[in-house]
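Below: the structure, in structure tokens.
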Amino acid sequence: MGSIRLGIIGLGVVGCGVANLLRERGSALATRFNASFTITRAAVKDVKKSRDAEVDPSIITADPFDVVNDPNVDIVIEVMGGENPALELLLTAAKNGKSIVTANKRLLAIHGEKIYRAVEDAGVELGFEAAVAGAVPVIGAIKTGFAANRIEAIHGIINGTSNYILSRMTLEGKSYADALKEAQALGYAEADPTFDVEGIDTAHKIAVLASLGFETPINFGSIYTEGITRLTPEDIGMAREFGYRIKLLAVAKRVGDSLDARVHPAMILASHPMANVNGALNAVEIKGDFAGVNMLVGPGAGAGPTASAVMADVLDIAGRMVHGVAGKRSPMITPASKRVPIRIRPVDETRSQYYLRFSVPDRPGVMAALSGALGESKISIASMIQRGRKEGGAPVSVVMMTHVAVEADLRRALAKIEGTKICAAPTMVIRIEGGEE
Ligand code: NDP
Ligand code: HSE
């Protein structure tokens, strides 16, 4: 029987999830994989903190470099998060001949190329299934299941926290603040939840998926990113009335020689399967030229689902270690050195239908000013609603759905409308995904 020694950096939500999975399932896994799995070293920030898992205190250190430099560690599991010192730790682990499993999408989105090349140069392995969509095996699906395809498009609901918040607001009328608190208590949110609600975590994940699926280095800064913090219960209600649900959507699709890569709230037809992915569930829709459109759905965050994905990578790598062939496999489909950069299309070139909510006074000439400015920029209105008349001339909401338009044209029209000073608040713009072409 083989013996696989694990060094774990971080014993928070995910790290404790891994330790608990091993405690409960370790001997069954040993039998199934003909190898024992033991945590031989663990690093945390505060060694005195109480933990949700039982880990031998004698193996715990406050210096994460103790883990990557420990000769009694075969696989380093990095579940600490952040860019630094995580980057240096992973590069050191690779240099020391250790394979790596990480859940750190932020690190991969920003420093992926450096890490992929370092592990290939060192002849070690890198697993990052846990970095995107929790338990949903989307990395494995792209790397192996759809390996024969040219991937055309990836769409995803890939942040559990924001999906949880939007679902609670939509289905139960919960407030944004209460729903966020619940998501944090359930262990879904990042250490800084701004990453979740401002779309940054989703952008990290789509960068990782796009880099893998489209076999290209991705410049993370080129991904247009917008979060859910400006959405109001009124927008959520209006979306329902028009037959849509609002989701924080990640998009990466080929458009000619470019890649359309963006993250923003989107209206999705209520009848689309993605519209019914609620709570902390994630969904990833992958379109391959031969496979067609496939959708994977499952728990996208939390201790158990993420530990499941971390251990999937550990078992995959361990299987090759036991047979002496570990390190022969690139973390990407095509080795990092052979990948070709693709231009990311600026968001201004996006073509979409749009939901617009103007906050304007209810008086003659206002509607003409709005529709005139839109018309001058070639934006055609598909439908419009104005609700009630407010006492004392308070602004009302005028909601319009447009036909397909180019984003740059829309921005020009909105700038003109803002210039007239008729709007009492910035106009809400939500893209409609999968509407008319
Ligand atoms: P937590 O904040 O719960 O845990 C982080 C752990 O890392 C803590 O144990 C912390 O120590 C330790 N740590 C932080 N800095 C250092 C340091 N400098 N040296 C040693 N240890 C350190 O985070 P999560 O478990 O939620 O997330 C971990 C990673 O997994 C992140 O990259 C996250 O994005 C990713 N992830 C999280 C998911 C989730 O659902 N939570 C899902 C998928 C990925 P201490 O406990 O002493 O503070
Ligand atoms: N904070 C992340 C989320 C964790 O809510 O999806 C899973 O990556």
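Quick notes
- Scanning the stretch 385-402 finds one or more residues that are part of a strand (DSSP E or B) and exposed (fewer than 14 other Cβ atoms within 10 Å of the Cβ).
- When residues in the stretch 94-103 are screened for being within 16 Å of ligand 1 (Cβ to nearest atom) and either open to solvent by 10 Å² or more (accessible area, probe 1.4 Å) or touching a residue at least 40 places away in the same chain (Cβ under 8 Å) (or both), 2 of them pass.
- Among the conditions (1) outside the structural domain of Asn159 (by TED's automatic domain parsing); (2) within 16 Å of ligand 1 (Cβ to nearest atom); (3) not acidic (Asp, Glu), Gly279 misses just one, which is (1).
- Residue match in the stretch 40-50 (condition: surrounded by 15 or more Cβ atoms within 10 Å (Cβ to Cβ) and among the charged types (D, E, K, R)): yes
- All positions within the stretch 105-139 that are open to solvent by less than 10 Å² (accessible area, probe 1.4 Å), away from ligand 1 (no atom under 16 Å from the Cβ) and within 20 Å of the chain's Cα centre (by Cα): Tyr116
- Residue in the stretch 1-20 that is nearest to ligand 2 (Cβ to nearest atom), counting only those that are under 19 Å from Met321 (Cβ atoms) and either open to solvent by less than 40 Å² (accessible area, probe 1.4 Å) or touching an Asp or Glu at 6+ places or on another chain (Cβ under 7 Å) (or both): Val18
- Which listed residue, of Ile142, Ile154, is open to solvent by less than 10 Å² (accessible area, probe 1.4 Å), modelled with pLDDT of 95 or more, outside any strand (DSSP E or B) and more than 11 Å from ligand 2 (Cβ to nearest atom): Ile142
- Qualifying residue in the stretch 170-186 (condition: under 24 Å from Thr306 (Cβ atoms), open to solvent by 50 Å² or more (accessible area, probe 1.4 Å) and touching a residue at least 60 places away in the same chain (Cβ under 8 Å)): yes
- Residue within the stretch 179-188 that is within 20 Å of Phe128 (Cβ to Cβ) and within 12 Å of ligand 2 (Cβ to nearest atom) present: yes
The values are calculated or read from the model by the stated rules, or taken from the named source; none is laboratory data. Computed from a prediction, not measured in an experiment: that's the story for all the values here. All Cβ positions, glycine included, derive from the backbone under ideal geometry; neighbour counts span all protein chains shown. These accessible areas exclude ligands, DNA and RNA; they are computed on the full protein's heavy atoms, side chains included. Shrake-Rupley method; radii C 1.70, N 1.55, O 1.52, S 1.80 Å.
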